[in-house]
Structure formats: structure tokens, C-alpha cells
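The values are calculated or read from the model by the stated rules, or taken from the named source; none is laboratory data. Note that the coordinates shown come from a computational prediction; the quantities given were computed from them, not determined experimentally. Glycine also receives a Cβ, built like all others from the backbone with ideal geometry; neighbour counts cover every protein chain displayed. The area values use the complete protein model at the heavy-atom level, side chains included, leaving out ligands, DNA and RNA. Shrake-Rupley method; radii C 1.70, N 1.55, O 1.52, S 1.80 Å.
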Amino acid sequence: MAAHPRSSEAERVASPDVFRGFTVAVSENSIQIMLGSLHGRLLNSGVDSSCAAKMMILVDNAGRAWRASTTRRGSGYGGGLRHARLPLHHRCLRRTRLFKKMPNKTAATKKAAIRSSKLFILGVILQGGYIHGRHKLTYGVNLDHIRWLGVLQRIAIGYFVAAMSEIWLVNSNLVDSPVSFVKKYFMEWFMAIAITVLYVALVFGLYVSNWEFETQTSNSTLSIPSNSIETKMIQCGVRGSLGPPCNAVGLVDRVLLGENHLYKNPVYKRTKECSINSPDYGPLPPNAPDWCLAPFDPEGLLSTLMAAVTCFVGLFFGHVLIHCKNHSQRVLICLLASVVLIISAFLVLLLGMPFSKPLYTVSYMLLTGGVSGFLLLLLYYIVDVIHIKKPFVLFHWMGMNALIVYVLAACELFPTLIQGFYWRSPENNLVDVTESLLQAIFHSKRWGTLVFVLLEIVFWCLAAGFLHMKGVYLKL
């Protein structure tokens, strides 16, 4: 196998910056999109990045109105589109070629550490509780309750783990055959397998004892409302549970991070056991279990450990794009890899490990990895093989500035700033009035919200295009 040269046009259009859009996916982790701006700097990378951005905006915003039709009832952690986001490895792919251009491993390590740190800090600011989001004209967070982990923090950790592997575990041997390809990246694959084994061992081996947490309850005496702190006890005493109250993922976070620093509104609060409005959030039903009030972080430490493996999956696809000499080889290898990943996912499912994004189970990682491969092939064929590019120009623009879009749109920073300007009442702001107007036009909250979000996506495509024309890109 030999590197396949790309045209100057592809190199010019597909800047490495387009891959920053992959960070908006994690997200957690909908369909994973795996692609790298590697030796050829493929054009469809920008398209994939913007797909991730659009998916994040769509499922986060339209999902509020369509939640009832996209969440499976009775699931311990929920399901459906809202919780099927794009995982981490997109950012790792773009770095494959970057680190190969830095022969000084110490300098490359420093560069990766700085980038990871900046991304982690940005995540804490955006998702740690300081910004309260739409419909709230307040900001600030109690440091005793700040959330340390989130989507961007998970990406930062996964990126750093994969970067260290790419820098220190990959040898400098020339790849000229399938055997030399395996020898070059064998240690990197071994690292991914070792992380997976460690995750499985901890999930099924850690003993989860009974545990307690504090929750705030509202009381009313003589029409005077008051809040009090009540301690709840969760009965566990098990190993290998994958249910909401007694899994090892939550145990590790409670021990190492503390319950005050975990996500306070986990998805299982929308299940029928915890909400009378299930599959939406709502008041507790009669005789609801105490764990309905417990915190749980879907981007916790142990699940992030498993999520980091998706970076290695992405690196594999990126290495294929580097070393394969033509389209047919790339398509064939990626297709075979995708099929193997999906079959493996269902085999793991049959062995008793369900698809769970909050726990980031092995089956979930394999399934999303395989689906990502198919999506990669589709966009690769359309954009880079048969060169149908014009219909994807909006996608490409957003992909080249996906980090800005994620910060301003998916994290709702821009709508929060806009709604700060209102007429007489906070509800009379441009954002809420526009959404309400569309709901009235379509005589439906769901369809009105969906159209509002689609218009928002178009707006950010055009905004990203304007920034691209001005040569403005947000970099870390």
C-alpha cells in the first residue's frame, strides 16, 4: 500500500480546521462520523463535521418537542435519537497526520496536552453549570457543585489518550503491505483492547454497596414554602448491575468526583418509574424509587474511559485513508471494518451487554463505530469519488467552523445572549417570540419547534460561511 496523492483543490478546500466540527458530536456520542484530514485532506471531512454540528443542534433543540416520539419507554437509560450523539474520535482522526509531521515526540506531547487542557477548561466553563442556558437570565455556579465532566471534557480526555498512543506507540516503519500496516499500529490496537478489557473488568467486577445521597425537598407549613435536605439510601450490594441505581459507572464517579459534582438531571428521570409524563421529564409518580432523585453523570470517568476507545477506532479509519493508494481499497477496507464492528456489537449484546450511551457500553461503542463507517463510505463516495460537492457547500461551511457553532448554538450561548434583550417581560424576547410564532403558524408545538430549529441550522450554516469567506476560524 502507498499513499494516494490528492488534487490541489481537495487539499485547498479540506483544511484540517474542518475536523474541529467533530467535537460538537460527542457526544456523547448519534451516529459516529469517522473521518480524517490526513495525507489527502479529504473534502468530505468538512461535510461530516457539519453533520455532527447539525445533528447536535437538531436533537438538542427539536428533541425537546419530539421527545415523546424519540425516547423508548421503560428503558433504564432512555434511547432514541436524542441520546444517540456523535462520539469522540472525530477530533483524533484529524490529528493523525499532524503528529506524524512532528518528529519530536516531546514537542508533540506538549502540543497535545495544551490542546486537551484548553478544550477541557472550555467544557467546564460551558457545561459546568456557570451558564444556565435558555429561559434563565442568570449565570454563576457554586464551586461546591460545579460539574467537572461533560461533552467537551470527554472529547479532551479521549483525544489526549489517543494522541499519546499515536505519538509514543506507533513506530516509524514504512507501510508497504498489509503486514507492515499491522506491525506499525499493533501496539496502538493493543492499547485499545487493554482499555476495553479494563472497562469490562471494572463494570462487572466492582462491588457496589449500599449508598446514600442528599436531595433537596420542598415543604410548606402555614403557606410558607421552605426547603430541607433529606438523605436517601439506595439498596444495592451487587456486582455487574447495568441498571440506573447500582452500576459501577456511577460508583466510580461518586467515589472519585463526589455526588455534588455529577449531572443533576440524568436521562433516567424521564423513565416511567421516575416521571408521570414519561418519556418526558415530570413529577414523580406515586411510590417512585429513591434513585429517581439521585445524580448521575453520563460523561463520567468510567464511561469516558470506554468512549476514548472510539478515538482508536477513528484512528484506524484515518490510517486506512493515509496508506491505501486508491478509492477501491479505502472503500473495501472501511466496509469490512464497519461490518465487523456491527456484527461484534450484536454479539456483545447477545452476551448480555445492552446498547447504553450513558454507560458507554462496549456494544454501544462497536455499534456506533460500525454505523459511522457506513456513513463515512456514503459521504466519501459522494464527495470524493464522484465529486458531488455543491449540494454540500452549507455543510462544508459549518464544518470548517464547527467549534464556534457548538459553543454558540449547541451550548445555547448565543440564544441566551439574545434573549437577554426583551420587551417589558423576559418572555418577550426575539428567540421565544420567533419560536412561538412558528408554533402558531403550524398549529403545533412539535412542528413549529422543528421548523425553528431547521431555520437555526440554516442561520448557522450561513454564519459559518461568512466567517469562512472572511478567513475567521476558532482554534484551540
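Return the residues of the range 131-163 that are open to solvent by less than 40 Å² (accessible area, probe 1.4 Å) and either part of a helix (DSSP H, G or I) or of a type in the set (Val, Ile, Thr) (or both); say none if nothing qualifies.
Taking the range 131-163 as the starting set, the residues that turn out to be open to solvent by less than 40 Å² (accessible area, probe 1.4 Å) are 133-134, 140, 146-147, 149-156, 158-159, 162-163.
Within the range 131-163, Ile146, Val151, Leu152, Gln153, Arg154, Ile155, Ala156, Gly158, Tyr159, Ala162, Ala163 meet the criteria.
Could you list, in sequence order, all residues of the range 319-350 that are crowded, with 17+ Cβ neighbours inside 10 Å and closer than 13 Å to Gly369 by Cβ?
Across the range 319-350, the qualifying residues are Cys334, Ala337, Ser338, Leu341, Ile342, Ser344, Ala345, Val348.
Could you grab me the full set of residues in the range 268-303 that are touching a His at 6+ places or on another chain (Cβ under 9 Å) and surrounded by 23 or more Cβ atoms within 10 Å (Cβ to Cβ)? Lay out the reasoning, then the answer.
As a first pass, look at the range 268-303 and keep what is touching a His at 6+ places or on another chain (Cβ under 9 Å): 295, 297-298.
Asp297, Pro298 - these are the residues of the range 268-303 that are touching a His at 6+ places or on another chain (Cβ under 9 Å) and surrounded by 23 or more Cβ atoms within 10 Å (Cβ to Cβ).
Are there any pairs, at least 6 apart or on different chains, whose C-beta atoms fall under 7 Å, with the first in the range 230-241 and of a type in the set (Ser, Thr, Tyr) and the second open to solvent by 70 Å² or more (accessible area, probe 1.4 Å) and at pLDDT below 90, and if so, which?
What qualifies is Thr231/Glu212; Thr231/Glu214.
Residues in the range 373-387: is at least one assigned to a loop (DSSP other than H, G, I, E, B), open to solvent by 40 Å² or more (accessible area, probe 1.4 Å), over 18 Å from Ile457 (Cβ atoms) and assigned by the TED database to the domain that holds Gly133? Let's see the steps before the verdict.
Our first condition is that a residue be assigned to a loop (DSSP other than H, G, I, E, B); within the range 373-387, this holds for 386-387.
If we keep only those that are open to solvent by 40 Å² or more (accessible area, probe 1.4 Å) as well, we get 386-387.
From what is left, the residues that are over 18 Å from Ile457 (Cβ atoms) are 386-387.
Narrowing further to those that are assigned by the TED database to the domain that holds Gly133: 386-387.
Yes: the range 373-387 contains one or more residues that are assigned to a loop (DSSP other than H, G, I, E, B), open to solvent by 40 Å² or more (accessible area, probe 1.4 Å), over 18 Å from Ile457 (Cβ atoms) and assigned by the TED database to the domain that holds Gly133.
Tell me, which residue of the range 315-358 that is among the hydroxyl-bearing types (Ser, Thr, Tyr) and part of a helix (DSSP H, G or I) is nearest to Gly300 (Cα to Cα)? Explain how you work it out, then say what you get.
First, pick out the residues of the range 315-358 that are among the hydroxyl-bearing types (Ser, Thr, Tyr): 328, 338, 344, 356.
Okay, now just the ones that are also part of a helix (DSSP H, G or I), so 328, 338, 344.
Details: Ser328: 40, Ser338: 27, Ser344: 25 Å.
Taking the candidates together, the pick is Ser344.
On the basis of being in the same structural domain as Ile333 (by the TED database), closer than 21 Å to Thr106 by Cβ and either in contact with a helix residue (DSSP H, G or I) (Cβ under 8 Å, 6 or more places away or on another chain) or not aromatic (Phe, Trp, Tyr) (or both), does Ala201 make the cut? Outline the logic, then answer.
Working: in the same structural domain as Ile333 (by the TED database): yes; closer than 21 Å to Thr106 by Cβ: no; either in contact with a helix residue (DSSP H, G or I) (Cβ under 8 Å, 6 or more places away or on another chain) or not aromatic (Phe, Trp, Tyr) (or both): yes.
For Ala201, the condition - in the same structural domain as Ile333 (by the TED database), closer than 21 Å to Thr106 by Cβ and either in contact with a helix residue (DSSP H, G or I) (Cβ under 8 Å, 6 or more places away or on another chain) or not aromatic (Phe, Trp, Tyr) (or both) - is not met.
Condition check ((1) exposed (fewer than 15 other Cβ atoms within 10 Å of the Cβ); (2) in a helix (DSSP H, G or I); (3) within 28 Å of the chain's Cα centre (by Cα); (4) not assigned by the TED database to the domain that holds Ala113) across all residues:
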| residue | (1), (2), (3), (4) |
| --- | --- |
| Leu417 | yes, yes, yes, no |
| Pro426 | yes, no, no, no |
| Leu450 | no, yes, yes, no |
| Leu462 | yes, yes, yes, no |
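Within the range 100-109, is there a residue that is of a type in the set (Lys, Arg), farther than 15 Å from Leu413 by Cα and surrounded by 17 or more Cβ atoms within 10 Å (Cβ to Cβ)?
Filtering the range 100-109 down to residues of a type in the set (Lys, Arg) leaves 100-101, 105.
Next, from what is left, pick out any that are farther than 15 Å from Leu413 by Cα: 100-101, 105.
So of that shortlist, the ones also surrounded by 17 or more Cβ atoms within 10 Å (Cβ to Cβ) come out as none.
No.
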